[in-house]
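The structure appears right after this line, and notes come after that.
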Amino acid sequence: MDKKTRPVSNYLNKNYLSLIFLYNKGEYESVVAELEEFESNYWRLLEIIPSILENCKNITNKYMWPKDKIHFRNELILRHFGWVDKIKFITGIASFIIFMSLSNKYAEGMSFYAFLLRWPFQCLFLIALIILTYKIHVWMKNFTISKDLIRCKHCGRYTYYMSPNCRKCKKADPVPNFYWDCLVDLENMIVKSAVQEDFYHELKERYSSKYAIWKQNKMEALDSSVSDS
Ligand SMILES: [Zn+2]
């Protein structure tokens, strides 16, 4: 098992996975809404995520820039209709197959019009497929421009998923990561601080007492279960 995920995995069940998935996708509003509505489902998790919840609330309360609103809308559309973009591959392959079969039928010296009159249905179908492929690509491009973006966990602006620094606030590692940002792994803060100095220094300073209490409770629970057995 991955060293980073081991402590947190003790807390996981299928209810928690949806929350982790939402946070890792940068859907901060949904994390807050989910926790407010189904708090009782997350009672075990709540003690290790005050840092995450606070972060989500901060971002949720921030002003959303018009450009970010477009990306936010695109994200929603892609979530439900992202599959439409895949149709272009099917129509593209189909048009290639029809084109190849038509080119096999072509006899040397035959004019385009003669060819069209001989196989009108196939030719028109090919043209329709090519137009459809192009139209799907161009139309979906309005939304797929947001595909590789994620909302930075520091500032909430949209940044490139693969980039090591946020393109807006310039802070390191802008992609939210549940395992790294919750309190359970506060022990590895030295390693984390080397990656994201400000963020984890602040996290450690603000939450170290909460973390100490959580750890103490965990040790006590472990001791009592050992002495019981
Ligand atoms: Zn940022």
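The values are calculated or read from the model by the stated rules, or taken from the named source; none is laboratory data. Just so we're clear, the structure is a prediction, and the values are computed from it rather than from any experiment. Quick reminder, even Gly has a Cβ in these numbers, built from the backbone with ideal geometry, and neighbours come from all protein chains shown. Each accessible area value is taken on the protein alone, full model and side chains, heavy atoms only, with ligands, DNA and RNA left out. Shrake-Rupley method; radii C 1.70, N 1.55, O 1.52, S 1.80 Å.
Phe178 meets each of the listed conditions (1) open to solvent by 40 Å² or more (accessible area, probe 1.4 Å); (2) at pLDDT 80 or above; (3) away from the ligand (no atom under 16 Å from the Cβ); (4) closer than 23 Å to Tyr16 by Cα apart from (1).
Residues in the stretch 132-146 that are within 19 Å of Phe99 (Cα to Cα) and open to solvent by 90 Å² or more (accessible area, probe 1.4 Å): Tyr134, Lys135. Contact annotation: residue pairs with Cβ atoms under 6 Å, 6 or more positions apart or on different chains, pairing a residue in the stretch 167-181 that is among the basic types (Lys, Arg) with a partner that is within 10 Å of the ligand (Cβ to nearest atom), are Arg167/Thr159; Lys168/Cys155; Lys168/Arg157; Lys171/His154. What about Glu197, is it over 30 Å from Leu19 (Cβ atoms) and either within 16 Å of the ligand (Cβ to nearest atom) or at pLDDT below 95 (or both)? Taking the combined requirement at face value, the residue does not satisfy it. Of the residues making up the stretch 83-116, those that are farther than 24 Å from Thr133 by Cα and either of a type in the set (A, V, I, L, M) or in contact with a strand residue (DSSP E or B) (Cβ under 7 Å, 6 or more places away or on another chain) (or both) are Ala107, Met110, Ala114.
Any residue at all in the stretch 52-60 that is in contact (Cβ under 8 Å) with a residue 24 or more places away in the chain, among the polar types (S, T, N, Q) and crowded, with 19+ Cβ neighbours inside 10 Å? Yes, the stretch 52-60 contains a residue that is in contact (Cβ under 8 Å) with a residue 24 or more places away in the chain, among the polar types (S, T, N, Q) and crowded, with 19+ Cβ neighbours inside 10 Å.
Residues in the stretch 87-111 that are among the hydroxyl-bearing types (Ser, Thr, Tyr) and part of a helix (DSSP H, G or I): Thr91, Ser95, Ser101, Ser103.
Evaluate the following for Leu124: is it at pLDDT 90 or above, more than 16 Å from the ligand (Cβ to nearest atom), loosely packed, with under 15 Cβ neighbours inside 10 Å and not hydroxyl-bearing (Ser, Thr, Tyr)? Working first, answer last.
Details: at pLDDT 90 or above: yes; more than 16 Å from the ligand (Cβ to nearest atom): yes; loosely packed, with under 15 Cβ neighbours inside 10 Å: yes; not hydroxyl-bearing (Ser, Thr, Tyr): yes.
In short, yes.
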